[in-house]
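Visitor: For reference, the structure I am asking about is given below.
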Amino acid sequence: NVPAVAPINATTYARVSLPPQTNANSAPTGDARLMVEVVNVNTEQTLAVAQLAEGAFQAAVGNARVNVPGRLMAVDDQGANAYVLTASGLSVAALSFRGTPITVNPRGVVNAATYQTAVAPGGLISIFGQNMADSAVAGSLPLPGILGGACVTLNDTGLPLIMASPNQINAQLPPDLRTGSYSLVVRSTRGPSASGSVPVSVIAAAPGVFANPATGEAALFHSEDFSLVTQDNPASRDEVLVLFATGLPAAAGVRLAAGQASPASPLATTVTPQVFVGDPTIRESEMIVEWSGFTPGFVGLNQINLRVRGDRVRGDRLPVSIQAGNASSPTSGPLVPVTYVH
């Protein structure tokens, strides 16, 4: 017995119905008030239930046929409340959540460059899950705390968001965050839906080199014309290059604001890292770091200006890695960015 139906989004709808019957030949027993259910179109799974104040006029039992009075119903654009015209007037049913529940994958909070769970204050992170947000990209600075109908909190503190989508959210960790363990939650701003609490361990330094996901080539550029270092355009002796990364700690005395662009004057520096192109156990693979800091005009992005050694390691698809203190970006495996030095 379904006297009213209203769409919520492309995959869910709300319906007014009677409570389940024990069998087809018996009327509902106990609390026989009308219900508003949120149902998944594809799976027919009931995602939320809210009861109205009144019961039904009639119920169809066995082979009986009855005319069920139709009801008018609408659901607000946030998917939070259903409004139903009933015999007693306008009834409002608060829905427990909108659509499919938000989930964050196990070990789904990772360094945006390395896709490993090592993350650091001020660095960029990626969150992977399901049904987290609508697709959206931050259009201006400072970065917003709400994007795509979602927000992300770390111990109840909102994070600045760069992009959002159903399966991935990119954000920045606060630069003044202390090391330790925190609880991360993705929340919908369109209804009372939230993911479970996900543990995140923040360490002092978690360096990671950005790379092209299609080719694995490191975000390493010739400083003269800012062209990408490639096999057809390799790095050469004594040349100055620019490498982009995240997860390097700020130098002593440097203060940055969460979600705000890094300043151009004075420049915000990081601790000086070691950069290796090639096997980091070989002395000739270490590059000469001339400056390391936060890229002016960007959020959470580290920039390292380096010079190629004269007695450099040469070759194609050489691994690129960074070390800061006791922390290092990956030095082996499929996630290691590569580049070319001739």
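The values are calculated or read from the model by the stated rules, or taken from the named source; none is laboratory data. Keep in mind that what you see is a predicted model, and the values were worked out from it rather than measured. Neighbour counts are summed over all protein chains in view; Cβ atoms, including those assigned to glycine, are modelled from backbone coordinates with ideal geometry. Surface areas here come from the heavy atoms of the whole protein model, side chains and all, with no ligands, DNA or RNA. Shrake-Rupley method; radii C 1.70, N 1.55, O 1.52, S 1.80 Å.
Visitor: Among the residues of the range 92-106, are any under 14 Å from Ser17 (Cα atoms) and either part of a loop (DSSP other than H, G, I, E, B) or at pLDDT 75 or above (or both)?
Guide: Here is the first cut: in the range 92-106, the ones under 14 Å from Ser17 (Cα atoms) are 93.
With either part of a loop (DSSP other than H, G, I, E, B) or at pLDDT 75 or above (or both) added as a condition, the list becomes 93.
Yes, because at least one residue in the range 92-106 is under 14 Å from Ser17 (Cα atoms) and either part of a loop (DSSP other than H, G, I, E, B) or at pLDDT 75 or above (or both).
Visitor: Filter the range 202-214 down to the residues that are open to solvent by 10 Å² or more (accessible area, probe 1.4 Å) and modelled with pLDDT of 95 or more and list them by number. Steps first, answer last, please.
Guide: Initial filter on the range 202-214 (open to solvent by 10 Å² or more (accessible area, probe 1.4 Å)): 203-205, 210-214.
Of everything in the range 202-214, those that are open to solvent by 10 Å² or more (accessible area, probe 1.4 Å) and modelled with pLDDT of 95 or more turn out to be Ile203, Ala204, Ala205, Phe210, Ala211, Asn212.
Visitor: Restricting the search to the range 245-254, which residues are open to solvent by less than 30 Å² (accessible area, probe 1.4 Å) and not in a loop (DSSP other than H, G, I, E, B)?
Guide: Within the range 245-254, Ala245, Thr246 meet the criteria.
Visitor: Test Ala257 against the stated conditions and say whether it is touching a Gly at 6+ places or on another chain (Cβ under 6 Å), among the small types (Gly, Ala, Ser) and over 17 Å from Ala206 (Cβ atoms). If you could, list the steps in order and put the result at the bottom.
Guide: Working: touching a Gly at 6+ places or on another chain (Cβ under 6 Å): no; among the small types (Gly, Ala, Ser): yes; over 17 Å from Ala206 (Cβ atoms): yes.
Here the answer is no, as Ala257 does not meet what is asked.
Visitor: Please find, within the range 293-314, the residue that is farthest from the chain's Cα centre (by Cα) out of those that are over 26 Å from Leu161 (Cβ atoms) and open to solvent by less than 10 Å² (accessible area, probe 1.4 Å). Lay out the reasoning, then the answer.
Guide: Step one: filter the range 293-314 for residues over 26 Å from Leu161 (Cβ atoms), giving 305-314.
Pick out the ones that are also open to solvent by less than 10 Å² (accessible area, probe 1.4 Å) and you get 306, 308.
Details: Leu306: 31, Val308: 36 Å.
So, considering only residues that are over 26 Å from Leu161 (Cβ atoms) and open to solvent by less than 10 Å² (accessible area, probe 1.4 Å), the one farthest from the chain's Cα centre (by Cα) is Val308.
Visitor: Give the number of residues within the range 320-330 that are open to solvent by less than 40 Å² (accessible area, probe 1.4 Å) and outside any loop (DSSP other than H, G, I, E, B).
Guide: We begin by selecting, within the range 320-330, every residue open to solvent by less than 40 Å² (accessible area, probe 1.4 Å); these are 320-322, 324, 327, 329-330.
Keeping just the survivors that are outside any loop (DSSP other than H, G, I, E, B) gives 320-322, 324, 327.
Adding up the residues that qualify gives 5.
Visitor: Taking the conditions exactly as written (closer than 28 Å to Asn40 by Cα and not in a strand (DSSP E or B)), does Ala113 satisfy them or not? Before you say what the answer is, go through the steps one by one.
Guide: Numbers: closer than 28 Å to Asn40 by Cα: no; not in a strand (DSSP E or B): yes.
So Ala113 fails the test.
Visitor: Going through the range 178-201 one residue at a time, which ones are closer than 30 Å to Ala324 by Cβ and either hydrophobic (A, V, I, L, M, F, W, C) or open to solvent by 70 Å² or more (accessible area, probe 1.4 Å) (or both)?
Guide: Result: Arg178, Thr179, Ser181, Leu184, Val185, Val186, Ser197, Val198, Pro199, Val200.
Per-residue answers, yes or no, for (1) open to solvent by less than 80 Å² (accessible area, probe 1.4 Å); (2) assigned to a strand (DSSP E or B); (3) modelled with pLDDT under 65; (4) in contact with a strand residue (DSSP E or B) (Cβ under 7 Å, 6 or more places away or on another chain):
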position	(1), (2), (3), (4)
Val36	yes, yes, no, yes
Ala59	yes, no, yes, no
Asn63	no, no, no, no
Asn67	no, no, no, no
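Visitor: Report, by residue number, each residue of the range 255-282 that is touching a residue at least 40 places away in the same chain (Cβ under 8 Å), in a loop (DSSP other than H, G, I, E, B) and touching a strand residue (DSSP E or B) at 6+ places or on another chain (Cβ under 8 Å).
Guide: Leu256, Ala258, Gly259, Ala261, Val271, Pro273, Gly278, Asp279, Pro280
Visitor: Let me ask something else about it. Residues in the range 1-34 that are modelled with pLDDT of 65 or more and of a type in the set (Ser, Thr, Tyr): how many?
Guide: Residues flagged as modelled with pLDDT of 65 or more and of a type in the set (Ser, Thr, Tyr) within the range 1-34 amount to 4.
Visitor: Right, another one. Which numbered condition in (1) under 30 Å from Ala50 (Cβ atoms); (2) surrounded by fewer than 17 Cβ atoms within 10 Å (Cβ to Cβ); (3) touching a residue at least 40 places away in the same chain (Cβ under 8 Å) is the only one that Met132 fails?
Guide: (2)
Visitor: State all residues of the range 224-237 that are within 18 Å of Phe276 (Cα to Cα) and open to solvent by less than 80 Å² (accessible area, probe 1.4 Å); if no residue qualifies, say none.
Guide: If the condition is that a residue be within 18 Å of Phe276 (Cα to Cα) and open to solvent by less than 80 Å² (accessible area, probe 1.4 Å), then Leu228, Val229, Thr230, Pro234, Ala235, Ser236 are the ones that fit.
Visitor: For the range 320-342, give me each residue that is of a type outside the set (Val, Ile, Thr) and closer than 23 Å to Phe226 by Cβ.
Guide: The first filter runs over the range 320-342 and keeps only residues of a type outside the set (Val, Ile, Thr), leaving 321, 323-330, 332-335, 337, 340, 342.
Ser321, Ser329, Pro337, Tyr340, His342 - these are the residues of the range 320-342 that are of a type outside the set (Val, Ile, Thr) and closer than 23 Å to Phe226 by Cβ.
Visitor: From the list Thr117, Thr153, which residue is on the phi < 0 side of the Ramachandran plot and open to solvent by 30 Å² or more (accessible area, probe 1.4 Å)?
Guide: Working: Thr153 fails: open to solvent by 30 Å² or more (accessible area, probe 1.4 Å).
Unique residue meeting the criteria: Thr117.
Visitor: Residues that are of a type outside the set (A, V, I, L, M, F, W, C) and outside any loop (DSSP other than H, G, I, E, B): does the range 207-220 have at least one? It would help to see each step written out before you state the result.
Guide: Of all residues in the range 207-220, those of a type outside the set (A, V, I, L, M, F, W, C) come to 207-208, 212-213, 215-217.
Narrowing the set further to residues that are outside any loop (DSSP other than H, G, I, E, B) leaves 208, 217.
The answer is yes, given that some residue of the range 207-220 is of a type outside the set (A, V, I, L, M, F, W, C) and outside any loop (DSSP other than H, G, I, E, B).
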